[in-house]
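J.: Dropping the structure in here first, questions after.
Every number here is computed from the coordinates shown, using simple stated rules; none is lab data. Note that the structure is a prediction, hence the values are computed from the model and not measured. Virtual Cβ from ideal backbone geometry, glycine too; neighbours counted across all protein chains shown.
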Amino acid sequence: MKTIVIVCACLALVVTLSRDLAGESAGEALFKRKCGICHGLDRSQSKVMSRQEWAATIRRMRQYADILTDKEAEAIAEYLFERYGHYED
């Protein structure tokens, strides 16, 4: 039984490390995993918004499906801003 637990833990570590090495941030992984539950990811990827606009959009989405912690919502908003955001003048 201990062997199975150790093998599972090692596999989880390998998956996590390979994701990090592939360049996928925690925010990106959360975005794909959590936001993709309700709608296609292309919907968000076609938008360009400020940090505040991304955060407001995520707050609005959380009203429909309360599947994110505050920390996860912040990580997703930061990822979306870095990837699809714009700075206000």
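J.: How much space per residue, in cubic angstrom, does the convex hull of the C-alpha atoms of segment 25-89 take up?
T.: Values: hull volume 4.8 nm³, N = 65.
Per residue, the Cα convex hull of segment 25-89 comes to 74 Å³.
J.: Pop a pseudo-label 7 angstrom from the Cα along the beta-carbon direction at both E74 and R33 and give the gap in nm to one decimal.
T.: 1.8
J.: Using a 10 Å cut-off around each Cβ, can you sort K32, K71 from fewest to most neighbouring Cβ atoms?
T.: On the way: K32 13, K71 10.
In order of increasing Cβ crowding within 10 Å: K71, K32.
J.: In sequence order, what are the phi-derived ³J(HN,Hα) couplings for segment 33-40 according to the Karplus relation 6.51 cos²θ - 1.76 cosθ + 1.60 with θ = phi - 60°, rounded to whole Hz, with x for glycine and proline?
T.: Once θ is set to phi - 60°, the couplings for segment 33-40 become 6, 8, 6, x, 5, 9, 7, x Hz.
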